[in-house]
1. Sort out which residues of the range 47-69 are open to solvent by less than 80 Å² (accessible area, probe 1.4 Å) and more than 23 Å from Asp127 (Cα to Cα), and write them in order of number.
2. Of everything in the range 295-304 that's more than 11 Å from ligand 3 (Cβ to nearest atom) and farther than 13 Å from Val260 by Cβ, which residue is most open to solvent (accessible area, probe 1.4 Å)?
3. State yes or no: is Arg190 in contact with an Asp or Glu (Cβ under 7 Å, 6 or more places away or on another chain) and at pLDDT below 95?
4. Grab the helices (runs of 4 or more DSSP H) fully contained in the range 332-435, keeping just those with 3 or more residues being among the β-branched types (Val, Ile, Thr) and in the same structural domain as Ala462 (by TED's automatic domain parsing).
5. Quick one: what pairs do we get from the range 363-376, first residue away from ligand 3 (no atom under 16 Å from the Cβ), second among the hydroxyl-bearing types (Ser, Thr, Tyr) and part of a loop (DSSP other than H, G, I, E, B), C-beta under 9 Å, 6+ apart or different chains?
6. Given the condition within 13 Å of ligand 1 (Cβ to nearest atom), more than 17 Å from Gly195 (Cβ to Cβ) and open to solvent by 10 Å² or more (accessible area, probe 1.4 Å), answer yes or no: does some residue in the range 432-446 qualify?
7. Checking Leu377 against (1) closer than 26 Å to Cys441 by Cβ; (2) surrounded by fewer than 17 Cβ atoms within 10 Å (Cβ to Cβ), only one condition comes out false. Which one?
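The values are calculated or read from the model by the stated rules, or taken from the named source; none is laboratory data. Please read these numbers as outputs of a predicted model, since none were measured by experiment. For neighbour counting, all protein chains shown are included, and Cβ atoms are generated from backbone atoms with ideal geometry for every residue, glycine included. For the accessible areas, the whole protein counts, side chains as well, though only heavy atoms, and no ligand, DNA or RNA atoms are used. Shrake-Rupley method; radii C 1.70, N 1.55, O 1.52, S 1.80 Å.
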Amino acid sequence: MMWRNIAGFSKAAAAAARTHGSRRYLSSAIPGPCIVHKRGADILHDPWFNKDTGFPLTERDRLGLRGLLPPRVISFEQQYARFIESFRSLERNTQGQPDNVVSLAKWRILNRLHDRNETLYYRVLIDNIKDFAPIIYTPTVGLVCQNYSGLYRRPRGMYFSAKDKGEMMSMIYNWPAHQVDMIVITDGSRILGLGDLGVQGIGIPIGKLDMYVAAAGINPQRVLPIMLDVGTNNQKLLQNPLYLGLRQPRLEGEEYLEIVDEFMEAAFTRWPKAVVQFEDFQAKWAFETLDRYRKKFCMFNDDVQGTAGVALAGLLGTVRAQGRPLSDFVNQKIVVVGAGSAGLGVTKTAVQAVARMAGISFAEATKNFYLIDKDGLVTTERSKLDPAVVPFAKNPAEIREGASIVEVVKTVRPHVLLGLSGVGGIFTEEVLKAMRESDSCKPAIFAMSNPTLNAECTAADAFKHAGENIVFGSGSPFENVQLENGSVGHVNQANNMYLFPGIGLGTLLSGARIVTDGMLLAAAECLASYMTDEEVQKGILYPSINNIRHITAEVGAAVLRAAVTDDIVEGHGDVGPRDLSHMSKEETVDYITRNMWFPIYSPLVHEK
Ligand SMILES: NC(=O)C1=CN([C@@H]2O[C@H](COP(=O)(O)OP(=O)(O)OC[C@H]3O[C@@H](n4cnc5c(N)ncnc54)[C@H](O)[C@@H]3O)[C@@H](O)[C@H]2O)C=CC1
Ligand SMILES: CC(=O)C(=O)O
Ligand SMILES: [Mg+2]
């Protein structure tokens with residue numbers, strides 16, 4: 001597999017160079033014979049320009065590198081093969097060691113490459129995304145965040161803390177890149193299903209932006225991970241002498257919002273065309289900030305909106321998997337476990353879809369949805385009902401207030417059981433067995449919480465207890481399951497990674513002023529219609545992660561076209577709003593694809 005990639009190397013590189021690849025250096029070129037203004041060791045220490053042993057002799061001569069490298073010039077292909085060999089050797093040498101140890105060792109070797117040579121790093125990531133996504137993204141990124149203070153070697157991204165109040169407008173200019181396209185920001189308050197990890201949550205924006213580079217071809221020189229450190233309520237971290245964040249409780253209320261406001265003003269003052277993705281904020285701030293900024297800035301919340309689109313695509317897929325027409329979605333009974341930023345985002349979007357399809361009101365469309373939180377089924381009987389869940393609260397005459405998951409499943413016999421609770425294993429054997437009585441011929445189980453240990457159930461347990469005819473999705477990857485009937489139980493990775501890169505890229509390349517509901521719906525519909533009937537019937541609802549660039553180009557194009565329809569595009573670079581509106585669907589996909597950055601070594605000196 002790896003070697004096939006290497007064999008296909010020069011063709012892909014040449015194609016990329018013809019389109020977009022080398023532009024990255026030229027865009028920041030200074031006049032004169034050299035494209036990079038740094039010299040000598042400064043170049044070797046800049047992961048953006050560094051080619052390690054790959055510097056050709058002319059560049060070694062003209063950039064003051066002679067003598068600073070071993071004499072032999074090694075090709076990109078050889079460097080790539082060398083890295084993969086070290087990675088495989090690490091796999092061999094860590095066999096039998098605990099999973100956490102192996103995962104962190106793999107993360108370290110990749111991270112060291114990231115710090116040293118970005119071109120090679122992104123190339124190995126793109127070519128081996130199926131193997132490496134679980135390391136730079138969920139589940140290992142969760143472990144990295146938990147151990148961040150010990151793993152920390154050098155900073156990546158920017159840190160704005162409560163102590164920086166009043167200073168952010170000048171601080172933002174400390175970032176060395178002139179242009180920033182994508183920002184992913186967190187306050188560390190709800191990192192995956194791991195809770196409040198304070199400043200250690202920076203690993204999430206870094207991992208998400210790695211996915212942006214890999215999937216959407218965002219130029220890595222133009223991405224910016226942001227940690228907004230407003231304190232932490234995690235007592236263990238506050239007591240840890242190695243903790244790297246502010247040692248104070250989280251800011252609340254207006255004090256908190258003032259910090260986020262200040263950052264947003266600073267970021268958009270310096271980079272008015274940037275897209276900002278909010279990530280892993282605790283529910284109350286996820287909703288509040290989305291409401292506060294979505295009409296003012298070009299931003300979206302991935303956990304609320306990206307997840308909703310991926311889940312909707314999965315839910316529509318389950319209808320197709322049952323061999324039923326899409327219109328049957330309105331009859332599906334859906335139990336959502338978890339009423340936080342993700343669960344509520346999913347439920348609201350799915351209810352809206354039912355309302356649209358059936359031509360009924362939102363309130364009427366909630367009929368087949370059942371929302372469960374830590375206190376059980378949400379009904380109108382509950383005291384102190386959170387206003388965000390009110391629209392979905394059931395009549396207690398139907399099922400009692402606070403009913404357990406198993407009670408709800410036994411009573412409702414749902415078509416779909418979807419978990420976004422962050423609680424590992426709550427889809428117990430009893431719950432899964434109850435799904436055998438589902439009214440669906442192919443019940444669907446989505447255990448979407450991350451990382452792996454927080455999944456509501458494993459893939460193997462789902463197929464074992466709920467039956468071999470189920471459709472299964474999980475937020476973190478699981479291996480496909482070999483079924484007793486001889487067939488394969490397919491595992492779908494129901495993760496917002498299938499949408500956020502396309503949402504960001506389509507928004508960026510359209511120059512949309514804001515991210516509208518129409519753009520988000522277009523993204524979800526694009527993903528929902530991506531798979532063929534044949535695949536869906538086999539229980540395959542989402543594309544392979546190996547095709548992530550292709551699906552992202554399609555999603556990006558759908559988002560861009562929806563932005564044109566919503567009349568909010570301002571264009572990107574030389575491509576104006578009129579050009580965008582005249583593009584056919586195919587031309588839009590082509591435009592998106594041509595603008596994806598691809599890692600190849602570009603010349604650092606002009607030919608004489
Ligand atoms: N697969 C994907 O693409 C995504 C997965 N997630 C995952 O979803 C999980 C939740 O994320 P958020 O909604 O942002 O968290 P949150 O903290 O806002 O919400 C968690 C919800 O689960 C409920 N809950 C807690 N314990 C429960 C129990 N024992 N039984 C039933 N409900 C319980 C809480 O009451 C709350 O409503 C996390 O693990 C996160 O990693 C989030 C976004 C995307
Ligand atoms: C996937 C993701 O965004 C989460 O688990 O929070
Ligand atoms: Mg998230």
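1. Residues satisfying the conditions are Pro56, Glu59, Arg60, Arg62, Leu63, Gly64, Leu65, Gly67, Leu69.
2. Across the range 295-304, the extreme among qualifying residues is Lys295.
3. No, not satisfied.
4. 341-358, 405-412
5. Ile372/Ser404; Ile372/Ser421; Asp373/Ser421; Lys374/Ser421; Gly376/Ser404
6. No, there is no match, as no residue in the range 432-446 is within 13 Å of ligand 1 (Cβ to nearest atom), more than 17 Å from Gly195 (Cβ to Cβ) and open to solvent by 10 Å² or more (accessible area, probe 1.4 Å).
7. (2)
Per-residue answers, yes or no, for (1) within 16 Å of ligand 1 (Cβ to nearest atom); (2) under 12 Å from the mean Cα position of the chain (by Cα); (3) open to solvent by less than 10 Å² (accessible area, probe 1.4 Å):
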residue: Gly157; (1), (2), (3): no, no, no
residue: Asp164; (1), (2), (3): no, no, no
residue: Ile191; (1), (2), (3): yes, no, yes
residue: Gln200; (1), (2), (3): yes, no, yes
residue: Ala215; (1), (2), (3): yes, yes, yes
